[in-house]
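Here's the structure, in C-alpha cells; my notes come after.
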Amino acid sequence: MENDERKSLTATEVAEVLSKTLRDLAERKITLRQAMVVSRVAASLSKAIEIADLSDRVALLEQVLKKRK
C-alpha cells in the first residue's frame, strides 16, 4: 500500500467476496480448498464486523445514559 490508510471491509463487501468465491468455485477458477480458506476468513471478518458494530452501539448507549443522569 502506498499510503498508510487502511479501509475496513463492510459486511456487504464480505458478502460480495463470498459470492464471487462461490461463482469462481462453480466455474472451476479456484479449488475447493481455496474457497474454504476464503470462507473461513470471511466468517472471521463477519464476526469482527458484528462485534465492532455492537461495541459502537453500546458506547453510544452509555453516552446517552450518562447525559440523562
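The values are calculated or read from the model by the stated rules, or taken from the named source; none is laboratory data. Nothing here was measured: the structure is a model prediction, and the numbers come from that model. Here Cβ is always computed from backbone atoms with ideal geometry, including for glycine, and neighbour counts include all displayed protein chains. Each accessible area value is taken on the protein alone, full model and side chains, heavy atoms only, with ligands, DNA and RNA left out. Shrake-Rupley method; radii C 1.70, N 1.55, O 1.52, S 1.80 Å.
Things to note:
- Unit charges on C-beta of K, R, D, E only; dipole of the chain, Debye: 340
- Two-decimal log10 I(q)/I(0) for the chain, as the Debye equation yields it once each C-alpha is a single scatterer, q = 0.14, 0.25 Å⁻¹: -0.61, -1.03
- Percent carbon-and-sulfur accessible area, the chain, ignoring ligands, DNA and RNA, probe 1.4 Å: 57
- Charge dipole (the chain, unit charges on Cβ, about Cα centre) - positive-most of VAL17, ALA52, THR31: ALA52
- Helix-only [θ]222 nm of the chain, DSSP H runs n ≥ 4, -39500 (n - 2.57) each, per residue, nearest 500: -27500 deg cm²/dmol
- Accessible surface for the chain, divided over its residues, is 93 Å² per residue with a 1.4 Å probe.
- Free of any GluC sites (Glu not before Pro) that DSSP assigns to a loop and that have at most 16 other C-beta atoms within 10 Å, the longest stretch within the chain is 28-69.
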